[in-house]
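Written out below as structure tokens is the structure these notes cover.
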């Protein structure tokens, strides 16, 4: 890492952030949130995606990634706005809280 930051600068950064360390302690217990990419491959049908999304939410994933990049942008848009998210907004919102709220509009 010394090609990116000097030892002196690294120590200064750690000292600067020391006062807010307690705000990050929960990460040591729970870890950083992850996301699942296995539910949104391009070749998957809508029904398979919906089924896999539900499975991933059920096991605790709070973020999912759907692949886009087809030649038809309407399909890409549809993949991101699938009926599942509208029909299940309340259950998703309950699981994800405010992190989901910013995506509803």
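The values are calculated or read from the model by the stated rules, or taken from the named source; none is laboratory data. Please read all numbers here as calculations on a predicted model, not as lab measurements. All Cβ positions, glycine included, derive from the backbone under ideal geometry; neighbour counts span all protein chains shown.
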Worksheet item: Within the range 63-77, restricting attention to residues that are without any contact (Cβ under 8 Å) to a residue 24 or more places away in the chain and not in a loop (DSSP other than H, G, I, E, B), which residue is surrounded by the most Cβ atoms within 10 Å (Cβ to Cβ)?
Response: 76
Worksheet item: Counting only residues that are part of a loop (DSSP other than H, G, I, E, B) and surrounded by 11 or more Cβ atoms within 10 Å (Cβ to Cβ), which one in the range 1-34 is modelled with the lowest pLDDT?
Response: 33
Discussion item. For residue 60, only one of the following conditions fails: (1) touching a strand residue (DSSP E or B) at 6+ places or on another chain (Cβ under 6 Å); (2) part of a loop (DSSP other than H, G, I, E, B). What is its number?
Written reply: (1)
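Do you know which residues across the range 35-58 are buried (at least 17 other Cβ atoms within 10 Å of the Cβ) and either closer than 18 Å to residue 81 by Cβ or without any contact (Cβ under 8 Å) to a residue 24 or more places away in the chain (or both)? Don't jump to the end; show me each part of the working.
So in the range 35-58, the residues buried (at least 17 other Cβ atoms within 10 Å of the Cβ) come out as 36, 39-40, 44, 49-50, 52-53, 56-57.
Of everything in the range 35-58, those that are buried (at least 17 other Cβ atoms within 10 Å of the Cβ) and either closer than 18 Å to residue 81 by Cβ or without any contact (Cβ under 8 Å) to a residue 24 or more places away in the chain (or both) turn out to be 39, 40, 44, 49, 50, 52, 53, 56, 57.
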